[in-house]
Amino acid sequence: MPDGISINVTPTYDYSTLNHNLSLLLDQLSPQKHAFLHRSVTTIASGNAPNPEDVEQLLERRNGFSCAFVNCQDHGSGKLGKRLDKAREHILIKHLTSHYVCPYCPTSTARWNDFKKHLVRKHPQFAQTSSETFTCNYCDSPKVLTTKHNLNRHLENVHSVLPQRRIRQD
């Protein structure tokens, strides 16, 4: 999703679920990590992003990163890989998610980019694109895509049309 999408909608957040799950999450962590979880949940509930260092403390390092929550399928030796950013994203999305809830339909997403995609596709009147958009000329109702790559992929997969590709000449 290009950054050129501006959203006229403020999503609501599902803080009640996060606060309700706090005690369940605490049961899955060692006591040394409780303070980091409390700080992260409190920060998220106030509408801010948690401190990356606090989120990092909810990870374990053994041959890469692992989730510190014992009931998580990614708990164990290095199951989240070696990239700290991806491991942090796992903690935020899987355990500390405050869902973006669409005000126009019952859809909710865990990621802001997915929320923007949903609005562009399902409620385009509330998403204005400041960047170029691409429209499929084969679809009965106009399908708007946000990148040329997505349009080409749509043409190939849905309409079996091979788009013309420029061949770079050196």
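The values are calculated or read from the model by the stated rules, or taken from the named source; none is laboratory data. Because the structure is predicted, anything quoted here is derived from the model rather than measured. Glycine also receives a Cβ, built like all others from the backbone with ideal geometry; neighbour counts cover every protein chain displayed. All accessible areas refer to the heavy atoms of the entire protein, side chains included, with ligands and DNA or RNA removed. Shrake-Rupley method; radii C 1.70, N 1.55, O 1.52, S 1.80 Å.
Residue count for the range 77-102 under the criterion of being outside any helix (DSSP H, G or I), open to solvent by less than 30 Å² (accessible area, probe 1.4 Å) and in contact (Cβ under 8 Å) with a residue 24 or more places away in the chain: the result is 4. When only residues in the range 121-153 that are part of a helix (DSSP H, G or I) and open to solvent by 70 Å² or more (accessible area, probe 1.4 Å) count, which is modelled with the highest pLDDT? Per the stated criteria, the residue is 153.
Give me a count of the residues in the range 72-128 that are closer than 20 Å to residue 150 by Cα and of a type in the set (A, V, I, L, M, F, W, C). Break it down stepwise before answering.
Our first condition is that a residue be closer than 20 Å to residue 150 by Cα; within the range 72-128, this holds for 111-124, 127-128.
Cutting the leftovers down to of a type in the set (A, V, I, L, M, F, W, C) gives us 112, 115, 119-120, 127.
Qualifying residue count, the range 72-128: 5.
Just so you know, in the range 54-76 the residues that are of a type in the set (D, E, K, R), within 14 Å of residue 92 (Cα to Cα) and at pLDDT 85 or above include one that is most open to solvent (accessible area, probe 1.4 Å), and it is 56.
Scanning the range 46-55 finds one or more residues that are in contact (Cβ under 8 Å) with a residue 40 or more places away in the chain and of a type outside the set (Lys, Arg).
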